[in-house]
Structure formats: C-alpha cells, structure tokens
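Engineer: Handing you this structure, nothing more for now.
The values are calculated or read from the model by the stated rules, or taken from the named source; none is laboratory data. The shown structure was predicted, so the numbers you read here are calculated from the model rather than taken from an experiment. Don't worry about glycine lacking a Cβ; one is built from the backbone with ideal geometry, like all the others, and counts go over all protein chains shown.
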Amino acid sequence: MNKIATVEPQTKAYLPGRGFAREAVEALSASRGEPSWVLQKRYEGWHHYEELEAPLWRRTDISKLPWEELIPYAPSQASLGGLAALPPKLHAALATYGERAGLLLQRDSASVISIWPKRCVPRV
C-alpha cells in the first residue's frame, strides 16, 4: 500500500513582483521570516547570478526567456487532495512512465503530492 502525503500551502500568500531583482530576494526572505544569515547566503547567491554568464545548453536557448516577465518564486496557493485532483493531461503523462518507486509533484515551488511505497517513505 502506498502512503499519500499532501503538503498544505503556506497560510500567508506571497507572490513577488515579476522579474529577477535583488528586491525579490529580500522580499522572499522577509516573507518566510528567515534569519539574517539565510538572507546573507541568498545575497551571495545573487552576487554569483549577476557576475556569471548564463549557461550554454546544447539544446536549450535560454537567451530568449523574458526574464523581466517571470515570477521567481510562487508558493502553492491550494493543496491537492490526491491524484484524482490532477488534470487529465497530467494523468496521461504519468501513465507513460508505468511502474515507479515513488511520486513527488510540485506546484508553484511547493510539494503538493508525495506518494511512496511503505518501504521507501522518507524520514522526516
């Protein structure tokens, strides 16, 4: 038998502005109530993001992505009640993979469905 776990959404909905900016890093950290050392690590990551060139992938051209239109982080606004709540297209996609060791689905940066056989249930 599989164990099904759903992750409840954050109680305080937070949706940052569009585009990747240092202010979005600060707003994300503030919305989560993170300690200053975590924000410092985020600043270090942001510094690397600004200094490094975009990666060059063989089959994916990310230079045309509209970075100013993307939302860098979006928490889950509602949890899913289980696999039955998934759209039909996703059911079809999942069916193509057949048997699997487990299933973890994310929605807006948060895990919403986690299904593991009892022998593989992650320890929390």
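Engineer: Of all residues being loosely packed, with under 10 Cβ neighbours inside 10 Å and not basic (Lys, Arg) in segment 50-60, which is nearest to VAL25 (Cα to Cα)? Just the residue, please.
Structural biologist: That would be GLU50.
Engineer: Which number in (1) at pLDDT 80 or above; (2) basic (Lys, Arg); (3) surrounded by 10 or more Cβ atoms within 10 Å (Cβ to Cβ) marks the one condition that LYS89 misses?
Structural biologist: All conditions are met except number (3).
Engineer: Which condition number in (1) surrounded by fewer than 10 Cβ atoms within 10 Å (Cβ to Cβ); (2) of a type in the set (A, V, I, L, M, F, W, C); (3) modelled with pLDDT under 75 is the one that ALA95 fails?
Structural biologist: Of everything listed in (1) surrounded by fewer than 10 Cβ atoms within 10 Å (Cβ to Cβ); (2) of a type in the set (A, V, I, L, M, F, W, C); (3) modelled with pLDDT under 75, ALA95 misses just condition (3).
Engineer: Return the total of residues in segment 67-86 being part of a loop (DSSP other than H, G, I, E, B), modelled with pLDDT under 80 and over 12 Å from the mean Cα position of the chain (by Cα).
Structural biologist: Residues that pass the stated criteria total 7.
Engineer: Going through segment 1-32 one residue at a time, which ones are surrounded by fewer than 15 Cβ atoms within 10 Å (Cβ to Cβ), among the hydroxyl-bearing types (Ser, Thr, Tyr) and at pLDDT 50 or above?
Structural biologist: TYR14
Engineer: Can you find a residue in segment 98-111 that is part of a helix (DSSP H, G or I), at pLDDT below 75 and of a type in the set (A, V, I, L, M, F, W, C)?
Structural biologist: no
Engineer: Looking at (1) at pLDDT 85 or above; (2) in contact with a strand residue (DSSP E or B) (Cβ under 9 Å, 6 or more places away or on another chain); (3) not hydrophobic (A, V, I, L, M, F, W, C), which one does HIS47 not meet, given that it meets all the others?
Structural biologist: Just one mismatch for HIS47, condition (2).
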